[in-house]
Amino acid sequence: MWSWLLISHIVEQAEQRLNNELELRALTVGAHSPALLKTMGLLLKLYQVWHADIPAATLVKSERLIDRMMEIADTDETQFSWVYINCGLFLRQTGKVTTPKPSFCMIEHCGCRGSARGATSSGSGITHQSGRFVQRSR
């Protein structure tokens, strides 16, 4: 019992530190600066690990984070293509991506095995189209 509580506390502290770093850096470089993406990527990895224990909470937090990461990545899709891959892998590994239409995927490592174009992540507002995840119009 103590080990789970200790691990949970450590993960919560790590999340708080990463969020604090993001807030501070956003004040320095701007809320939509690509300089934030590496820290956001670390936070997404944390949510992926944490997802096994608290799936509902991490999905809510990760959806907001992914939306923000994608908005920044859209400023230079080539330079920040790793963001689409990491977000796609997160959504696939957490079971948030469904793949209703078979076709070819341009994201080599997204895990959809070439069948994700037109797929949606249920409830997140993100759609996988033309080989990348994009924000659906709401």
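A compact table of results
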| quantity | calculated |
| --- | --- |
| Peptides 82-91, 30-39 ordered by average Cβ neighbours within 10 Å, highest first | 82-91, 30-39 |
| Under the Karplus curve 6.51 cos²θ - 1.76 cosθ + 1.60, θ = phi - 60°, whole-Hz ³J(HN,Hα) for segment 74-84, x wherever Gly or Pro sits | 5, 6, 8, 4, 6, 5, 10, 4, 4, 5, 4 |
| Cα lying deepest toward the dipole's positive end in segment 2-96, options A57, F80, H32, charges on Cβ | A57 |
| Förster radius 35 Å - calculated FRET efficiency between D74 and Q13 (Cβ-Cβ, nearest 0.05) | 0.65 |
| Nearest-20 debye value, segment 2-96 charge dipole, Cβ charges on Lys, Arg, Asp, Glu | 180 debye |
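Each value in this text was obtained by applying a stated rule to the coordinates, not by laboratory testing. All values reported here derive from a predicted model rather than from experimental measurement. We place every Cβ from the backbone using ideal geometry, glycine too, and count neighbours over all the protein chains shown.
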